[in-house]
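Coordinate-derived values only; no laboratory data. Note that the structure is predicted; figures quoted are calculated from it, not measured. When we count neighbours, we look across all protein chains shown, and the Cβ atoms used for this are built from the backbone with ideal geometry, even at glycine.
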Amino acid sequence: MSTCLLILGRQGSGKGTQSLMLAEKFGFVHISTGDLLREAVESSSPLGLKAKQIMDAGELVSDEIMCEILAERIAQPDVKSNGVLLDGFPRTTAQAEALGAIVGKVDGVMNLDVPIEEVTQRMLTRNRDDDTEESIARRLALYEEQTAPLLGWYEEHSKVVTIDGIGTEEEVFNRLATALETITGSLVS
Ligand code: AMP
């Protein structure tokens, strides 16, 4: 398996936009499980119909479904030849374990840090369908409960870099790019 990098961060931290730009700059394939689910919702596939309610409520789609979606996408040849930057996966220990079984080792993790008060404000003003006050609070609670503990786990197995996500899009992008260079540089040397 080629390079596998992760970006972790609360919803509203800007990791979607930033990881897309980073993947483009460094030539990695960008996989966002949120985007894959939104495409399924858009096309009204059976998965999409099931996922929509869960997403609107701010809950997590089951590990079983998510691991299947991820495994299918990560098996595509573009991932093998370019490496991958995962955005929104893993979100639970079970997903992290499933990912480990697929890729062997995660090479690096970028932790995009934006405080809860700030991401709440950002989400309340972004006007996305699934952004009600309740669903935002629920998603942030689930992040603390299920996803944040993964950082400690990865610290033992991979390189984890925490990046301050407060600032302009460009400032944060430059910090992330430097972090990514540190991670990939240490892979080469
Ligand atoms: P995102 O665009 O990453 O914020 O994801 C939007 C929504 O999709 C989340 O609130 C979850 O309901 C669902 N979702 C995306 N990725 C995952 C995942 N890895 N595990 C469970 N649910 C997910």
_Tell me the relative contact order for region 100-160 as a rounded percent, counting alpha carbon contacts under 8 Å between residues six or more apart._
55
*Highest mean first, what order results for 100-113, 10-23 on Cβ atoms within 10 Å?*
10-23, 100-113
_Per DSSP helix of 4 or more residues, -39500 (n - 2.57); summed, then divided by the residues of the chain. What does that give at 222 nm, rounded to the nearest 500?_
-18000 deg cm²/dmol
*Over the chain, what is the percentage of antiparallel beta bridges among all DSSP beta bridges, to the nearest 5?*
0
*Report, to two decimal places, the Cα Rg of region 1-99 normalised by 2.2 N^0.38 Å (N = number of residues).*
1.05
*Tell me, what is the percent relative contact order of the chain, built from C-alpha pairs under 8 Å that lie six or more residues apart?*
33
*Given the C-alpha centroids of region 87-110 and region 10-58, what is the distance between them in whole angstrom?*
16
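Quick check: net charge around VAL161, other residues with Cβ under 13 Å of its Cβ, Lys/Arg +1 and Asp/Glu -1? Provide the component values of the computation, followed by the final result.
Working: positive: LYS159, ARG175; negative: ASP107, ASP113, GLU155, ASP164, GLU181.
Charge balance in the 13 Å sphere: -3.
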*What residue among ARG128, ARG139, ARG175 has the largest mean-square fluctuation in a Gaussian network model of the chain, using Cα springs under 10 Å?*
ARG128
*Stokes-Einstein D for the chain at 10 °C, 1.306 mPa s, Kirkwood Rh over Cα pairs, in µm²/s?*
94
*asked:* In region 26-106, if the dipole is taken from +1 on Lys/Arg beta carbons and -1 on Asp/Glu beta carbons about the Cα centre, which of GLY58, PRO46, GLY100 is farthest to the positive end?
replied: GLY100
